[in-house]
Amino acid sequence: MNVKKIPYPQVASWVEIDRNALAHNIETFKKIISHQSKMGAVLKSNAYGHGMIEVFKEIHGKVDVIYLIHYQDAFLLRKFEQENDLRATRIMVIGALNPQEVIECVKQNIEIVIYSETFQTCLDALRKENLPTKAMSHIHIDTGLGREGFYFKGIQESIAFLKNSTDVLHIQGVMSHFSNTEDVTEQSYALSQIEAFELSLEIILKELELPNTLEKHFAASAATLAIPKSRFDIVRIGISLYGLWPSSETRLSAKLILPELPKLKPAMSWRCKSQQIKWLPQDRFVGYGCTYQTLKSTFIALLPVGYFDGYSRLVSNRAYVLINGHRCAVLGRVMMNHIIVDITDAEVLQGETEVTATLLGTDGKETISADQLGGWSQTINYEVVTRVGPHLQRIITH
Ligand SMILES: *Cc1c(COP(=O)(O)O)cnc(C)c1O
């Protein structure tokens, strides 16, 4: 890919989202689930840093359900559909909602998740409101993650308050979430979660007198890839929609389980133009704290990106960026709005006054992956991409 073709703003770093990569990843998952499950796309956390609206625009009509945490995001997407004459997609808010927000969701045909007995106040509010439509709802079962949901033991009692609520609720599905599918290749804990899910499901069907056509959804990216029986009726694909593997364990499992290893294409690149380039003599300190000192005369680029933008300070003196297809070391500390990199060997032409740097993504034959940045900053690719600042411009490329 030639980075110079891309239109860019001058003063800040920007994020490029590869339209073809998103489409490719969706197709890859559709093949894996081979129409036996619906395709859910998780767009929470600004679409894992990729830009919620930008990603929504690209995938609209290509997936069956959109999953979000916050109702404000769901409203933004509904508004976007209305303003652009798009058909209303299924949108599900899996996070917390107060009674007023539940009412708004019903009005806007947004599906909600019931995860605790405190939902009683929402039932009361719905009855008072007397809306023409019911709340499309899913019951979240805690099968062992220990996060939101009704714990599977004792679920008969804890969901009893939902009896006789068909006046305001339409229970559409049940869901749960895995605890450690991406951390292991041996999935006995996940299998015990599936068992708990199936037991709970039977109880829910009986207690609430529901038909077994309820939609069951459990698997995120890792389970979809590594545990076929976890896919049920809808899969909720987050990280891998954006072309990243949940972990190397998941990749290993997928290699053993699937007929061929899926090729995921990372959708995000992060680039900037230099603010200044200049020569520093030998023995000069670079950046706060004097943590780096030039060993020889060094050509440096000052880049307008820092920890404010989500470029972790933990990669100080560790990371590389790409310039003209060459790896260039980050010298000294990552600052709030700046980093300094060594461009001595980056083949910068005589007379050039600026360079274009790739912080994440590919330039020529070299790539800086989210996994690498995660390794340098002692975290996972999920955190690397979701932390890329929402203030930065997202540009769709292809
Ligand atoms: C974030 C999330 C997902 C997506 O997980 P990935 O590992 O990114 O695919 C699915 N389900 C729930 C409940 C989540 O919170």
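Residues that are crowded, with 20+ Cβ neighbours inside 10 Å and out of contact with any strand residue (DSSP E or B) (no Cβ under 7 Å at 6 or more places or on another chain) within the stretch 295-312 comprise TYR307, ASP309, GLY310, SER312, listed in sequence order.
Before we move on, is LYS206 of a type in the set (Lys, Arg), open to solvent by 10 Å² or more (accessible area, probe 1.4 Å), more than 16 Å from the ligand (Cβ to nearest atom) and closer than 20 Å to GLY149 by Cα? Before the answer, list the steps.
Details: of a type in the set (Lys, Arg): yes; open to solvent by 10 Å² or more (accessible area, probe 1.4 Å): yes; more than 16 Å from the ligand (Cβ to nearest atom): yes; closer than 20 Å to GLY149 by Cα: yes.
It is true that LYS206 is of a type in the set (Lys, Arg), open to solvent by 10 Å² or more (accessible area, probe 1.4 Å), more than 16 Å from the ligand (Cβ to nearest atom) and closer than 20 Å to GLY149 by Cα.
Here are some residues: VAL286, VAL315. Which one is of a type in the set (Val, Ile, Thr) and touching a strand residue (DSSP E or B) at 6+ places or on another chain (Cβ under 6 Å)? Reasoning before the result, please.
Numbers: VAL315 fails: touching a strand residue (DSSP E or B) at 6+ places or on another chain (Cβ under 6 Å).
Only one candidate passes the filter, namely VAL286.
Could you say whether any residue in the stretch 164-182 is at pLDDT 95 or above and at positive phi? For the stretch 164-182, residues at pLDDT 95 or above and at positive phi: absent. Which one is most open to solvent (accessible area, probe 1.4 Å) among residues in the stretch 220-238 that are in a loop (DSSP other than H, G, I, E, B) and near the ligand (Cβ under 8 Å from one of its atoms)? Filtering the stretch 220-238 for residues that are in a loop (DSSP other than H, G, I, E, B) and near the ligand (Cβ under 8 Å from one of its atoms), the one most open to solvent (accessible area, probe 1.4 Å) comes out as ALA220.
Candidates are the residues of the stretch 99-143 that are more than 22 Å from GLN72 (Cβ to Cβ) and touching a strand residue (DSSP E or B) at 6+ places or on another chain (Cβ under 7 Å); the one that is most open to solvent (accessible area, probe 1.4 Å) is LYS134.
Is one or more of the residues making up the stretch 315-335 at pLDDT 95 or above, loosely packed, with under 14 Cβ neighbours inside 10 Å and among the aliphatic types (A, V, I, L, M)? No, because not a single residue in the stretch 315-335 is at pLDDT 95 or above, loosely packed, with under 14 Cβ neighbours inside 10 Å and among the aliphatic types (A, V, I, L, M).
Suppose we filter the stretch 185-197 for residues that are open to solvent by 40 Å² or more (accessible area, probe 1.4 Å) and either within 30 Å of LYS107 (Cα to Cα) or assigned to a loop (DSSP other than H, G, I, E, B) (or both); how many remain?
Step one: list which residues in the stretch 185-197 are open to solvent by 40 Å² or more (accessible area, probe 1.4 Å), which gives 185-186, 188-189, 191-192, 195.
Subset that is either within 30 Å of LYS107 (Cα to Cα) or assigned to a loop (DSSP other than H, G, I, E, B) (or both): 185-186.
Looking only at that region, the number is 2.
Anything in the stretch 167-184 that is outside any strand (DSSP E or B) and buried (at least 19 other Cβ atoms within 10 Å of the Cβ)? List them, or say none. It would help to see each step written out before you state the result.
Filtering the stretch 167-184 for residues outside any strand (DSSP E or B) gives 167-168, 176-184.
Of everything in the stretch 167-184, those that are outside any strand (DSSP E or B) and buried (at least 19 other Cβ atoms within 10 Å of the Cβ) turn out to be VAL168, SER176, HIS177, PHE178, THR181, GLU182.
Out of GLN378, GLN350, one residue alone is open to solvent by 10 Å² or more (accessible area, probe 1.4 Å), away from the ligand (no atom under 16 Å from the Cβ) and either assigned to a helix (DSSP H, G or I) or in contact (Cβ under 8 Å) with a residue 40 or more places away in the chain (or both). It is GLN378.
Contact map, the stretch 21-33: first residue free of Cβ contacts under 8 Å to residues at least 24 places away in the same chain, second residue among the hydrophobic types (A, V, I, L, M, F, W, C), Cβ cut-off under 8 Å, separation 6 or more or different chains; pairs are LYS30/MET39. Taken over the stretch 16-37, the criterion of being surrounded by 13 or more Cβ atoms within 10 Å (Cβ to Cβ) and farther than 18 Å from GLU260 by Cβ is satisfied by GLU16, ILE17, ASP18, ARG19, ALA21, LEU22, ALA23, SER37. The number of residues in the stretch 54-74 that are in contact with a strand residue (DSSP E or B) (Cβ under 6 Å, 6 or more places away or on another chain) and within 14 Å of the ligand (Cβ to nearest atom) comes to 5. Looking only at residues of the stretch 75-95 that are among the aliphatic types (A, V, I, L, M) and without any contact (Cβ under 8 Å) to a residue 40 or more places away in the chain, we find that the one that is nearest to the ligand (Cβ to nearest atom) is VAL93.
The values are calculated or read from the model by the stated rules, or taken from the named source; none is laboratory data. As the structure is a prediction and not an experimental result, all values here were calculated from the model. Reconstructed Cβ throughout: ideal geometry from the backbone, glycine too, with neighbour counts over all protein chains shown. Ligands, DNA and RNA are stripped out before the accessible areas are found, and what is left, the full protein with its side chains, is counted by its heavy atoms. Shrake-Rupley method; radii C 1.70, N 1.55, O 1.52, S 1.80 Å.
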